[in-house]
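Take a look at the structure below.
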Amino acid sequence: MLKVYICSPYASQGTIEENVERARKYSRAAVQNKLVPITPHIFFTQFMDDSVDWERQWALEMGLELIEECNFLWVFGIPTGGMIPEIKKAESLGIPITYHDPDGNPYPERRKEQMQQWLKA
């Protein structure tokens, strides 16, 4: 089965509750597209504390490891500090990346190019 890494905000750009609900919707969309969603920020936070520095760092590192097992990376919203290393890891591995707005709609090509330039800066 093909796997998609869901890369979206957790603690910024809205409340944690809103972001987790959005990530659930993104994960559901992956399932509807016959993809296995890998959404570590809603999985790891079930048993790890994002407010504890070492636990957050360990979770981020585990997420980077999971990217290596994925066929795609979907980015939702404006990349946050935790999302940028995930995007860069996928780029370095040649994993196709798709950029979406927070509602899950794909960004137009121009917006995607702007995001890529912003990430390289």
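The values are calculated or read from the model by the stated rules, or taken from the named source; none is laboratory data. Nothing here was measured: the structure is a model prediction, and the numbers come from that model. Note: ideal-geometry Cβ built from the backbone for every residue, glycine included; neighbour counts use all protein chains shown. Calculation scope for accessible area: heavy atoms of the full protein, side chains included, ligands and nucleic acids excluded. Shrake-Rupley method; radii C 1.70, N 1.55, O 1.52, S 1.80 Å.
Annotations
- Across the options F47, V20, S92, the greatest Cα extent toward the positive end of the charge dipole of the chain (unit charges at beta carbon of Lys, Arg, Asp, Glu) belongs to S92.
- Residue-count net charge about D103 - beta-carbon cut-off 13 Å; Lys, Arg +1, Asp, Glu -1: -1
- The chain: calculated mean residue ellipticity at 222 nm from DSSP helix runs of at least 4, using -39500 (n - 2.57): -15000 deg cm²/dmol
- Lysine pairs meeting the criterion (Cα under 23 Å, 8 or more apart or interchain), as found in the chain: 12
- Extension gain (nm, one decimal) between I78 and E21, 0.36 nm per residue minus Cα-Cα: 18.8 nm
- Vicinal HN-Hα couplings computed from phi for region 75-82 (Karplus, 6.51 cos²θ - 1.76 cosθ + 1.60; Hz; Gly/Pro x): 9, 10, x, 7, x, 9, x, x
- Shown are F44, F72, whose ranking by accessible area with a 1.4 Å probe and every protein chain present, most to least, is F72, F44.
- Here the calculated FRET efficiency for E69 and Q46, from their Cβ-Cβ distance with R0 = 25 Å, stands at 0.80, rounded to the nearest 0.05.
- The H on the amide N of K3, modeled in the peptide plane, is under 5 Å from the matching H of V36, N71, F72, each at least 5 residues off or on a different chain.
- Net length gained if the chain between K34 and E55 were fully extended (0.36 nm per residue, minus Cα distance): 4.4 nm
- The Cα atoms of the chain define a convex hull whose projected area, averaged across directions, is 7.2 nm².
- Modelled this way, with points 7 Å down the Cα-to-C-beta line, the labels at L2 and L93 are 1.6 nm from one another.
- Residue range of the chain that is longest and free of GluC sites (Glu not before Pro) which are both DSSP loop and sparsely packed (at most 12 other C-beta within 10 Å): 1-67
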